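Engineer: Please read through the structure below; I'll follow up with questions.
The values are calculated or read from the model by the stated rules, or taken from the named source; none is laboratory data. Model, not experiment: these values are computed from the prediction. Note that we place each Cβ from the backbone using ideal geometry, even for glycine, and neighbour counts take in every protein chain shown. When the accessible area is computed, the model is the full protein with side chains, heavy atoms only, and any ligands, DNA or RNA have been set aside. Shrake-Rupley method; radii C 1.70, N 1.55, O 1.52, S 1.80 Å.
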Amino acid sequence: ISLPEALLGAEFIFLCIPSWRVKEFLAYARPYWPKSATIVLLSKGLDGQTGKLPFELAIKLLPPSVNWVIGSGAMIAEEIKIGRFGACLVASRTPTATTSVIELFKGTNILALATRDFKGVAWSGVLKNISALGLGLATGLDWTINEKALLFGQSVEEILRLIKILGGKKETFLLSPSLADFV
């Protein structure tokens, strides 16, 4: 079936695309979006043109009746696909939307935990990606385990300060799915 046909009948739509493509997809999908659907945004990052987070784009580009939920955590697709475990934080402005997504994961190999701190969840995914790049460079430069551990600790301190400045709760980053995602 076509993408518009799939959208029209969907209750939940999981958006697992690069953050720089979210705006384009949401604009394309808007006319086909079912009013009762919940979109689960798994994209971590910012839109390159606007600097907006995926949930900010969803608020702007989707019909107001559509619920949106953010999911972020340690969920490497290749591992989940072969039955390994993962974990994510799920957050939204609408507690019932968060709960309905948590229910979808019950009985699966993904532990889904609810939080109301959607900004903290979104910024955790963005900021950990930046720090993870730094740790990847450190590995490429053959830094010792101690040196990388120190960089990891400094990165966590910096992420906690930035999340608070950006409107999230620093405790959100310290929850196991977010911290595991960074590790």
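Engineer: Along segment 109-118, what does the Karplus equation 6.51 cos²θ - 1.76 cosθ + 1.60 (θ = phi - 60°) give for ³J(HN,Hα), rounded to whole Hz, x for Gly and Pro?
Structural biologist: For segment 109-118, the Karplus-derived couplings read 8, 10, 7, 10, 10, 8, 8, 9, 8, 5 Hz, x marking Gly and Pro.
Engineer: Would you look at the GNM of the chain, springs on alpha carbons closer than 10 Å, and say which of Glu103, Glu78, Glu11 moves the most?
Structural biologist: Glu78
Engineer: Report, to the nearest 10°, how far helix 95-105 tilts away from the longest principal axis of the Cα atoms in the chain, using its own Cα long axis and a range of 0 to 90°.
Structural biologist: 80 degrees
Engineer: Roughly what % of Cα-Cα distances in segment 91-183 sit above 21 Å, to the whole percent? Write out the running numbers ahead of the final one.
Structural biologist: Numbers: 1699 of 4278 pairs.
So the pairs more than 21 Å apart make up 40 percent of the total in segment 91-183.
Engineer: Measure out, as a whole number of angstrom, how far apart the alpha-carbon centroids of segment 120-156 and segment 25-63 sit.
Structural biologist: 28 Å
Engineer: Also, I was wondering about something else. So for each of 134-141, 23-30, 50-57 I average, over its residues, the number of other beta carbons within 10 Å; can you give me the resulting order with the highest mean first?
Structural biologist: 50-57, 23-30, 134-141
Engineer: Dipole size in debye (nearest 20) for segment 4-160 around its Cα centre, Lys and Arg Cβ +1, Asp and Glu Cβ -1? List each step's numbers first, then the result.
Structural biologist: Details: 15 positive and 13 negative charges, 88 e Å.
Its charge dipole is roughly 420 debye.
Engineer: With runs of 4+ DSSP H residues as the only contributors, calculate the mean residue ellipticity of the chain at 222 nm using -39,500 (n - 2.57) per run, divided by the residue total and rounded to the nearest 500.
Structural biologist: Details: 9 runs with 96 residues, N = 183.
Mean residue ellipticity at 222 nm (helix-derived): -15500 deg cm²/dmol.
Engineer: Still on this structure: Enumerate the amide H contacts of Ala114 below 5 Å, restricted to partners 5 or more residues apart or on another chain; note that Pro and chain-start residues carry no placed amide H.
Structural biologist: So Ala114 has HN proximity to Val90.
Engineer: Of Lys128/Lys164; Lys60/Lys119; Lys119/Lys148; Lys119/Lys170; Lys44/Lys119; Lys23/Lys119, which pairs sit farther than 22 Å apart, going by alpha carbon to alpha carbon? Intermediate values should be presented prior to the final figure.
Structural biologist: Details: Lys128/Lys164 14 Å; Lys60/Lys119 16 Å; Lys119/Lys148 28 Å; Lys119/Lys170 10 Å; Lys44/Lys119 12 Å; Lys23/Lys119 18 Å.
Long pairs (Cα-Cα over 22 Å): Lys119/Lys148.
Engineer: Right, next: What is the Cα coordinate range of segment 50-128 on the first, second and third principal axes, sorted by size from largest, in whole angstrom?
Structural biologist: The Cα atoms of segment 50-128 stretch 36, 27, 19 Å along their principal axes.
Engineer: (i) 187; (ii) 132; (iii) 123: which one is volume of the Cα convex hull per residue in Å³ as calculated from this entry?
Structural biologist: Of the listed options (i) 187; (ii) 132; (iii) 123, (ii) comes from this structure.
Engineer: Can you work out the accessible area per residue across the chain, with the rest of the protein chains kept in place, probe 1.4 Å, in square angstrom?
Structural biologist: 56 Å²
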